[in-house]
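Scroll down for the structure; my scribbles are underneath it.
The values are calculated or read from the model by the stated rules, or taken from the named source; none is laboratory data. This one's a predicted model, so the numbers in the text were calculated from it and none came from an experiment. In this analysis, Cβ positions are derived from the backbone assuming ideal geometry, glycine residues included, and neighbour counts consider all displayed protein chains. Surface accessibility is based on the protein's heavy atoms, side chains included, excluding ligands, DNA and RNA. Shrake-Rupley method; radii C 1.70, N 1.55, O 1.52, S 1.80 Å.
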Amino acid sequence: MTVKPSVLQELPTDLVREQLPRHVAVIMDGNGRWAKRRGMPRIMGHRRGVDVLKDLLRCCRDWGIEALTAYAFSTENWGRPSEEVEFLMTLFERVLRQELREMMEEDVRIRFVGNLNALPRSLQSEIERSVTATQNNQGICFTIATNYGGRQEILQACREIASKVQQGVIQPDQIDEALFERHLYTAGSCDPDLLIRTSGEMRLSNFLLWQMAYSEIYVTETLWPDFDRKAFHQALCAYQQRDRRFGKL
Ligand code: IPE
Ligand code: IPE
Ligand code: MG
C-alpha cells in the first residue's frame with residue numbers, strides 16, 4: 001500500500017514561508033480505529049500509518065520545515081496485547097532497514113528518543129545503524145519517539161543531575177532550564193512549535209511534556225492513516241492564524 005504524494009508538492013500559496021513552524025511534532029493516533037472501520041485487523045492501520053509518516057516527512061522537507069518528531073510507541077503501549085506489540089517492533093525494524101538508503105539520498109538526519117535499551121536487540125541495532133549512518137546529514141531532522149515517556153525522560157534527567165551533584169560536578173544552584181534540557185533525550189534540538197494529534201483525542205499521552213510547554217496544539221478528527229498533505233496543509237493554516245504570546249501581551 002502506498003500513499004500518493006501527487007498533490008501539494010510545493011508550499012501552498014496561502015502559507016507564509018517565514019511563519020512556518022520550525023519543528024512539528026505528531027501524535028499519530030487512530031490506526032486501530034481506521035482498520036476497524038474497514039473490517040481489517042488493527043495492524044493494517046499501523047502498516048498504512050508508516051506510509052503516511054513517510055509522506056509527511058517528505059512533505060515537511062518539500063515545504064522547508066526543519067524538524068519532524070513522531071510518536072511511534074509510548075512507554076504505556078507495552079500494555080497492549082503482545083501480538084500487537086510484537087508486530088509493531090518488527091514493523092519498526094523492517095521499515096528502518098528498508099528506508100535507510102532513501103533517507104540517505106534525501107539527506108535526512110534520523111534521531112530516536114525514548115528508553116531504547118528496553119527494545120528488542122535487533123531493533124536496537126537497526127536504530128543504531130540508521131542514527132550513525134545519517135548523523136552528518138544536513139537535511140530535515142527526523143526524530144522517532146519509541147518507548148518514549150515524558151515523565152520517564154524527566155525522571156532520568158533528574159537522576160543524572162542528582163548523581164552529578166552527589167559527585168560534586170555541579171552545584172544545586174547551577175541547575176537551570178538550559179542545564180536540565182541538556183539531560184533530556186532531546187538535548188540540542190529546538191522545542192516543537194506545533195503539535196498535531198490525529199483521531200480527535202485531546203490529550204498529550206505522556207509526549208514531550210517538558211518540551212511542549214509553549215507548543216501550539218492542533219487536534220484533527222482525521223485518523224492517522226488518512227492524514228495526507230491536504231490535512232497537514234490545514235493544520236499549518238490553523239497554526240499560522242495563532243497568536244503566540246508566550247505569556248506576553
Ligand atoms: C496509534 O494508533 C499508533 C500507536 C499507538 C502505536 P492506535 O493504535 O492508538 O489506534 P487507535 O487509537 O486504537 O485507533
Ligand atoms: C499515543 O497514542 C501514543 C502513540 C501515538 C504512539 P495512544 O493511543 O497510545 O494514546 P491513548 O491511550 O489514547 O492516550
Ligand atoms: Mg490510540
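Brief remarks follow.
- For Glu126, the test of being surrounded by 15 or more Cβ atoms within 10 Å (Cβ to Cβ) and among the charged types (D, E, K, R) is passed.
Yes or no, residue by residue, for (1) surrounded by fewer than 17 Cβ atoms within 10 Å (Cβ to Cβ); (2) among the small types (Gly, Ala, Ser); (3) under 15 Å from the mean Cα position of the chain (by Cα):
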| site | (1), (2), (3) |
| --- | --- |
| Leu8 | yes, no, no |
| Gln19 | yes, no, no |
| Gly30 | no, yes, no |
| Lys36 | yes, no, no |
| Gly45 | no, yes, no |
| Asp55 | no, no, yes |
| Gly64 | yes, yes, no |
| Ala67 | no, yes, yes |
| Ala70 | no, yes, yes |
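- Contacts under 8 angstrom Cβ, first residue in the stretch 127-155 being of a type in the set (Lys, Arg), partner part of a helix (DSSP H, G or I), 6 or more apart: Arg129/Leu96; Arg129/Leu100
- Residues of the stretch 159-179 that turn out to be touching a residue at least 12 places away in the same chain (Cβ under 8 Å) and open to solvent by 50 Å² or more (accessible area, probe 1.4 Å), as a count: 2
- Taking the conditions (1) of a type in the set (A, V, I, L, M, F, W, C); (2) open to solvent by less than 30 Å² (accessible area, probe 1.4 Å); (3) out of contact with any Ser or Thr (no Cβ under 6 Å at 6 or more places or on another chain); (4) within 28 Å of Trp224 (Cα to Cα) in turn, Cys190 satisfies each one other than (2).
- Taking the numbered list (1) over 22 Å from Arg244 (Cα atoms); (2) touching a residue at least 24 places away in the same chain (Cβ under 8 Å) in turn, Leu20 passes all entries but (1).
- A search for C-beta distances below 7 Å between a residue of the stretch 62-76 that is more than 15 Å from Arg17 (Cα to Cα) and any residue that is open to solvent by 30 Å² or more (accessible area, probe 1.4 Å) and within 8 Å of ligand 2 (Cβ to nearest atom), counting only pairs 6+ apart in sequence or on different chains, returns Ala70/Met28; Tyr71/Met28; Ser74/Ser205.
Listed here are the residues, each with its yes/no results for (1) open to solvent by less than 40 Å² (accessible area, probe 1.4 Å); (2) hydrophobic (A, V, I, L, M, F, W, C).
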site: Ser199; (1), (2): yes, no
site: Phe207; (1), (2): yes, yes
site: Glu221; (1), (2): no, no
site: Asp228; (1), (2): no, no
site: Cys237; (1), (2): yes, yes
site: Arg245; (1), (2): no, no
